[in-house]
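Undergrad: Handing you a structure now.
Read-outs: derived from the displayed coordinates by stated rules, not from any lab. Quick caveat, the model's predicted, so the values are computed rather than measured. Cβ placement follows ideal geometry from the backbone for every residue including glycine, while neighbour counts extend to all protein chains displayed.
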């Protein structure tokens, strides 16, 4: 019998689209269902929060490859398959999960990076055209393993007497994660969530039991990320961190040569922050928070989800 410490941390879940809803010009929500999801890890009392999963969509005219074996080296084995037939694998956030009932389902919100002709990357193009009955493979945490990962949001415990101050900031690709995090937050947290999206039509009503204030920023004709940077800067100037930390060992990141991904190492008593989106924007926000305003790097997660002008990595 395989114990929880021996079980494979991730599983491949064969699912189908049970519902497709166009939320706005930029977002489409696909609800996936299937009996396999009974083995999807619920991720504890906080739920999925910013849980990352892999979504594999099929190559046109080809079935999805068999990923039943996710033992060590599975990703290299998948890459060795002919690119024309292996499908496309991209990383997304679980927006919501309903796993307890007899028909478990998971919501994933897709950002539609489409040009004026409706063309985009393989995952965006597939999501834009997805209909109930379409099948995909999700790679996510195994309910029988203690080693599930993919969650960066781990703030200090809530304190109703002295709320934990948090900051969430991101572009449209971070909206599903931030929305999920906000829904998971109980009283005892305060602060701000700043979300930059292409247009006012992309604003959403987000629920939270916390005292975190949500601010939507419509990009319009402004360059990507500039409205978010300006808003974070103004917020830090008006409400500076309780204590300034010198950026010891500070070094900028070349986002064209390396992945910008730093997980909060510890949750101190100051500002706890979570920043995600386009890597160039995340780099600018990293410089703003840590170098200019002295926010402790150990209490911030910086995640470059994608890089403008480059194909998204799997």
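Undergrad: Given Cα pairs under 8 Å that are at least 6 residues apart, what percent is the relative contact order of the chain?
TA: Averaging sequence separation for qualifying contacts and normalising by length gives 18 percent for the chain.
Undergrad: Turning to a different aspect of this structure: Sort the following peptides by mean Cβ neighbour count (other Cβ atoms within 10 Å, averaged over residues), highest first: 290-301, 202-213.
TA: 290-301, 202-213
Undergrad: Could you work out the relative contact order of the range 220-301, using alpha carbon pairs under 8 angstrom and six or more residues apart, expressed as a whole percent?
TA: Details: 87 pairs, mean separation 36.2, N = 82.
Dividing the mean separation by the residue count of the range 220-301 yields 44 percent.
Undergrad: Continuing with the same structure: Take every DSSP beta bridge whose two residues both sit in the chain, then give the antiparallel share in percent to the nearest 5.
TA: Within the chain, antiparallel bridges account for around 60 percent of the total.
Undergrad: Helix 226-238 versus the longest principal axis of the chain: what is the Cα-based angle in degrees, 0 to 90, to the nearest 10?
TA: Approximately 40 degrees, to the nearest 10.
Undergrad: Full extension from residue 16 to residue 66: what is 0.36 nm times the residue separation minus their Cα-Cα distance, to one decimal in nm?
TA: Here the answer is 16.4 nm.
Undergrad: Enter the Cα centre distance for the pair the range 122-163 and the range 172-194, rounded to the nearest angstrom.
TA: If you average the Cα positions of each part, the centres end up 14 Å apart.
Undergrad: What's the ranking of 52-62, 68-78 by average number of surrounding C-beta atoms within 10 Å, highest first?
TA: Result, highest mean first: 52-62, 68-78.
Undergrad: Just need the relative contact order of the range 88-167 here, percent rounded to a whole number, with Cα pairs under 8 Å and 6+ apart. Spell out each step's value before the answer.
TA: Numbers: 52 pairs, mean separation 12.4, N = 80.
Reported relative contact order: 16 percent.
Undergrad: I've got another one for you. Test of understanding: extend the Cα→C-beta vector of residue 100 to 7 Å, then name every residue of the range 176-207 with backbone N under 20 Å from that spot.
TA: Counting backbone N atoms under 20 Å from the label point, the list is 180-187, 207.
Undergrad: Now a separate question. Could you give the angle, 0 to 90 degrees to the nearest 10, between helix 175-184's Cα long axis and the longest principal axis of the Cα atoms of the chain?
TA: 80
Undergrad: Between the range 201-219 and the range 16-73, how many Å separate their Cα centres?
TA: 25
Undergrad: Taking 0.36 nm per residue of separation and subtracting the Cα-Cα distance, what length does fully extending residue 257 through residue 131 add?
TA: Here the segment from residue 257 to residue 131 would lengthen by 41.6 nm.
Undergrad: Which of the following values of Cα extents along the principal axes in Å was calculated from the structure shown: [x] 63, 49, 42; [y] 54, 51, 37; [z] 81, 57, 38?
TA: The value matching this structure is [y].
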